[in-house]
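Notes follow the structure.
The values are calculated or read from the model by the stated rules, or taken from the named source; none is laboratory data. No experiment lies behind these values; they were computed from the predicted model shown. Ideal geometry is used to build each Cβ from the backbone, glycine not excepted, and the neighbour counts take in all protein chains shown. When the accessible area is computed, the model is the full protein with side chains, heavy atoms only, and any ligands, DNA or RNA have been set aside. Shrake-Rupley method; radii C 1.70, N 1.55, O 1.52, S 1.80 Å.
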Amino acid sequence: MTTEHPKTAFITGANKGIGFEVARQLAKRGFAVFIGARDIAKGRAAAQSLCDEGYESTFIALDVTDPLSIKQAAGTFSQKASHLDVLINNAAILEDHGENIMKLNAELLDRTLKTNVTGPMMVTQDFLPYLQKSEGGARIINVSSDVSSLQTMGTYAPAYSISKTALNAITKQFAAALTSPPIAVNSVSPGWVRTDMGGNNANLSVEQGAETIVWLATDAPATETGKFWRDKKEVGW
Ligand SMILES: NC(=O)c1ccc[n+]([C@@H]2O[C@H](COP(=O)([O-])OP(=O)(O)OC[C@H]3O[C@@H](n4cnc5c(N)ncnc54)[C@H](OP(=O)(O)O)[C@@H]3O)[C@@H](O)[C@H]2O)c1
């Protein structure tokens, strides 16, 4: 059975943190949300908690570092929905707090790039056929970071920072490629958010961190593409 819902959203890494909050806010706005998560128990629990709030939410197993898992997730999605309106590449890792580029471990860099760059690219490729079936104009949102910016880049977390710069390049490439039918592809920085990744000292709540992502998925003009956003305003790369 495919869902009759007019709007669908698939969010990667949505079992917790910003991804889960984005799923909750989109569900609240009438989207049927699909929770992509690599941990089956946590993913099921996240989807169930949204169902308990009265929303339409489905768990889909997804490890963004595993090409087969991504293909299976796309296959599972196609059995449950006819089209995809919003893809949010949110899943990411940050493992190099306190690392220095001069001694950066190459395996750590590879692992980070695999999750934060190659993963979103493969997820986008495999979900593209369903995005192309969206009638209202599909949107892809890549969750980036302030530290991706080449204008302000310093020494902070080199593997993570480099990965988010590369993710921004993925945004530009897909935005340039996806013109017919037009699909809006944008990068967004959520700011510094209190999650497992952001820590307790961050200045923003998950609700605040989700705000611009949800705006790009819904109210932002669909003609805006190939840009980098923060606080609902375009910012420099
Ligand atoms: N928090 C901040 O201050 C901040 C600032 C700038 C940008 N961001 C970005 O915002 C996004 C969400 O971050 P967050 O703060 O919500 O982080 P988080 O709480 O650590 O959540 C990250 C999510 O990504 C998932 N994930 C990691 N590797 C995965 C994989 N291989 N396959 C599938 N899922 C995977 C995690 O799953 P598990 O639970 O299984 O680990 C988790 O659901 C990320 O892209 C991050 O870079 C965050």
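Some points to look at:
- Close Cβ contacts (under 6 Å, 6 or more residues apart or on different chains) running from residues in the stretch 189-203 that are more than 6 Å from the ligand (Cβ to nearest atom) to residues that are among the aliphatic types (A, V, I, L, M) comprise Gly191/Leu204; Arg194/Ala202.
- Qualifying positions in the stretch 73-97 - small (Gly, Ala, Ser) and in contact (Cβ under 8 Å) with a residue 24 or more places away in the chain: Ala73, Ala74, Ser78, Ala81, Ser82, Ala91, Ala92
- Selected residue [touching a helix residue (DSSP H, G or I) at 6+ places or on another chain (Cβ under 8 Å) and either within 11 Å of the ligand (Cβ to nearest atom) or modelled with pLDDT under 95 (or both)] from Ala81, Ala46: Ala46
Here is a yes/no grid of residues against (1) out of contact with any Asp or Glu (no Cβ under 8 Å at 6 or more places or on another chain); (2) closer than 22 Å to Pro221 by Cα:
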position: Leu113; (1), (2): yes, no
position: Asn116; (1), (2): yes, no
position: Met121; (1), (2): yes, no
position: Gly136; (1), (2): no, yes
position: Ile140; (1), (2): yes, yes
position: Ser144; (1), (2): yes, yes
position: Ser149; (1), (2): yes, no
position: Asn168; (1), (2): yes, yes
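- Residue list for the stretch 136-185, filter: within 12 Å of the ligand (Cβ to nearest atom), farther than 18 Å from Val86 by Cβ and part of a loop (DSSP other than H, G, I, E, B): Ser145, Ser149, Tyr156, Ala157
- Only a single criterion out of (1) among the aliphatic types (A, V, I, L, M); (2) open to solvent by less than 20 Å² (accessible area, probe 1.4 Å); (3) without any contact (Cβ under 8 Å) to a residue 12 or more places away in the chain is not satisfied by Ala177, namely (2).
- Which listed residue is among the hydrophobic types (A, V, I, L, M, F, W, C), in a loop (DSSP other than H, G, I, E, B) and open to solvent by 20 Å² or more (accessible area, probe 1.4 Å), from Leu68, Leu84, Leu94: Leu94
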